[in-house]
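Enquirer: Quick one: structure below, then a few questions.
Readers should treat all values here as calculations from the given coordinates under stated rules, not as data from a laboratory. Here the structure is a predicted model, which means the values were calculated and not measured. Because the Cβ atoms are built from the backbone with ideal geometry, glycine has one as well, and the counts that use them run over all protein chains shown.
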Amino acid sequence: MKPKIFIDGEHGTTGLQIRTRLAERSDLDVLSIPEAERRNKDMRADFLKSADLAILCLPDDASREAVAILEGKNSTRIIDTSTAHRVHPDWAYGFAEMDGAQRALIAKARLVANPGCYPTGAISLIRPLVAAGILPADYPVSVNAVSGYTGGGKQMIAQMEDPANPEHIASPHFLYGLTLAHKHVPEMKQHGLLDRKPIFAPSVGRFAQGMIVQVPLHLADLNGAVTLGGIHAALAAHYAGQDVVEVVPLAESAKLARLDPTELNDTDLMKLYVFGTDGQGQVNLVALLDNLGKGASGAAVQNMDLMLGLKH
Ligand SMILES: NC(=O)C1=CN([C@@H]2O[C@H](COP(=O)(O)OP(=O)(O)OC[C@H]3O[C@@H](n4cnc5c(N)ncnc54)[C@H](OP(=O)(O)O)[C@@H]3O)[C@@H](O)[C@H]2O)C=CC1
Ligand SMILES: CC(=O)N[C@@H](CCC(=O)OP(=O)(O)O)C(=O)O
């Protein structure tokens, strides 16, 4: 029997991308709710209960509601793409490459919280360096980022693309999260193994998909006499032996004059760069990903496969 998958929220931005990725899979039975019924709670409850694995692509409140519908129905496993359960102790954090044990934890979990797009980039750079003892857990970390506007879901897509929208956004690029209380901060702190909240400065550009996340560091405030090469070696060692996260060779990074946030669009990959100049005492760590790929839907499909013992 093929595993039955239900994508709750399949007509939204993340849900549609997951459905597209599953369209050609003959090893799964995808249960689909008609678009007009997408908010029909009784019908959703039936689908949720008959699925072997439900992928929630809903706002936080609706995700919590779906989890409550499944309470006591322990045969349905859940991947939640919302922010609702990412620092919850009962949920496995769905970032398989973040440390050596995570893949196995995800594979056996009933409840998996898919990471946020920005935290995927930030944690990928921070956590291995904290774990290696290079980045002190109390370092005052800043995370500066730009996302494509699909990161804001259907609502922001309409605001950016439709000039007739009453809340139309005409800017080519804007900062937000200006109160420094973005919902991704707790997740970056916890899974980044940090003692202090990072300062997170996100922004959105007038491009649909793609993301750059930057973590600049002063080498003098790290542990030991660390160089650009030392940081690169630590990241390369951490990500050896898998094919999702690439640590770009230092010589290749050194040749770049610009970095395009859309470079990995429509892939489920992430590239990590170590930028700087030897002897200058500073480094800028950069993650490049598709906010809808490794940042959301690609990661959800990767987690689904791990949980079902399929690919990956
Ligand atoms: N977009 C991205 O890059 C990322 C998104 N995420 C997360 O994924 C989740 C989904 O986001 P996204 O796809 O962008 O959002 P969208 O707004 O594009 O899609 C959400 C979908 O959920 C439906 N929905 C909303 N409320 C309910 C409800 N009460 N019951 C049933 N269906 C409901 C919406 O229906 P309707 O059309 O009627 O509103 C819509 O189809 C969010 O939690 C988001 O934070 C995570 C990582 C990245
Ligand atoms: C551009 C934009 O608005 N992005 C969203 C984050 C997108 C995302 O990662 O969703 P999760 O919150 O579920 O992780 C934001 O900043 O709230």
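Enquirer: GNM, the chain, Cα, under 10 Å: largest mean-square fluctuation among ARG39, ARG103, ARG127?
Expert: In the Gaussian network model the winner is ARG39.
Enquirer: Report the one residue of ALA54, SER253, GLY116 whose Cα lies farthest in the direction of the positive end of the charge dipole of the chain (charges on C-beta: Lys and Arg +1, Asp and Glu -1; origin at the Cα centre).
Expert: In the chain, that residue is ALA54.
Enquirer: Compare ILE79, ILE123, ILE169 in a GNM of the chain, Cα atoms joined below 10 Å, and give the one with the largest fluctuation.
Expert: Residue with maximal mean-square fluctuation among ILE79, ILE123, ILE169: ILE169.
Enquirer: Given the rule -39500 (n - 2.57) for each run of at least 4 DSSP H residues, summed and divided by the residues of the chain, what is its mean residue ellipticity at 222 nm, to the nearest 500 deg cm²/dmol?
Expert: -9000 deg cm²/dmol
Enquirer: Now, a different point. So what's Rg/Rh here for segment 117-292, counting alpha carbon atoms and using the Kirkwood radius for Rh?
Expert: When Rh is taken as the Kirkwood radius, the ratio is 0.99.
Enquirer: Another question, then. Cβ neighbours within 10 Å, averaged per peptide: list 190-203, 172-185 in order, most packed at the top.
Expert: Per-residue mean Cβ counts within 10 Å order the peptides as 190-203, 172-185.
Enquirer: Going by average Cβ neighbours within 10 Å, how do the peptides 44-53, 112-121, 223-232 rank, with the highest at the top?
Expert: Top to bottom by mean Cβ count within 10 Å: 112-121, 44-53, 223-232.
Enquirer: What are the trypsin sites (Lys or Arg not before Pro) within segment 244-312 that DSSP puts in a loop, where the Cβ has at most 13 other Cβ atoms within 10 Å?
Expert: Numbers: sites: LYS255, ARG258, LYS271, LYS294, LYS311; in loops: LYS255, ARG258, LYS311.
Sparse-neighbourhood loop trypsin sites (Lys or Arg not before Pro): LYS255, ARG258, LYS311.
Enquirer: Give the peptides 145-156, 259-270 in descending order of average Cβ contacts within 10 Å, highest first.
Expert: Top to bottom by mean Cβ count within 10 Å: 145-156, 259-270.
Enquirer: Something else now. Could you give each residue of segment 47-59 its phi-based ³J(HN,Hα) in whole Hz, using Karplus coefficients 6.51, -1.76, 1.60 with θ = phi - 60°, and x for Gly or Pro?
Expert: 5, 4, 6, 8, 7, 7, 9, 10, 10, 8, 10, 10, x
Enquirer: Counting only DSSP beta bridges with both residues in the chain, tell me the antiparallel percent, nearest 5.
Expert: 45 percent
Enquirer: Let me ask something additional. Gap in Å between the Cα centre of segment 144-179 and the Cα centre of segment 6-34?
Expert: Distance between centres, Cα-based: 25 Å.
Enquirer: So which lysines can LYS255 reach, going by Cα to Cα under 21 Å and dropping same-chain residues fewer than 8 places off?
Expert: Cα-Cα hits under 21 Å: LYS271.
Enquirer: So what's segment 220-261 giving for Cα Rg divided by 2.2 N^0.38 Å, two decimals? Could you put the intermediate results ahead of the total?
Expert: Details: Rg = 12.3 Å, N = 42, 2.2 N^0.38 = 9.1 Å.
Cα Rg divided by the expected 2.2 N^0.38 Å: 1.35.
Enquirer: For each pair in LYS4/LYS311; LYS73/LYS311; LYS4/LYS73; LYS108/LYS189; LYS183/LYS311, compute the distance between the two Cα atoms and list the pairs where it is over 20 Å.
Expert: LYS73/LYS311; LYS108/LYS189; LYS183/LYS311
Enquirer: Still on this model: Show me, for segment 259-267, the HN-Hα J-couplings you get by feeding each phi into the Karplus relation (A = 6.51, B = -1.76, C = 1.60, θ = phi - 60°), rounded to Hz, glycine and proline as x.
Expert: 10, 9, x, 8, 4, 9, 4, 6, 10
Enquirer: Cα convex hull of the chain: mean projected area in nm², to one decimal?
Expert: For the Cα atoms of the chain, the hull's average projected area reads 16.6 nm².
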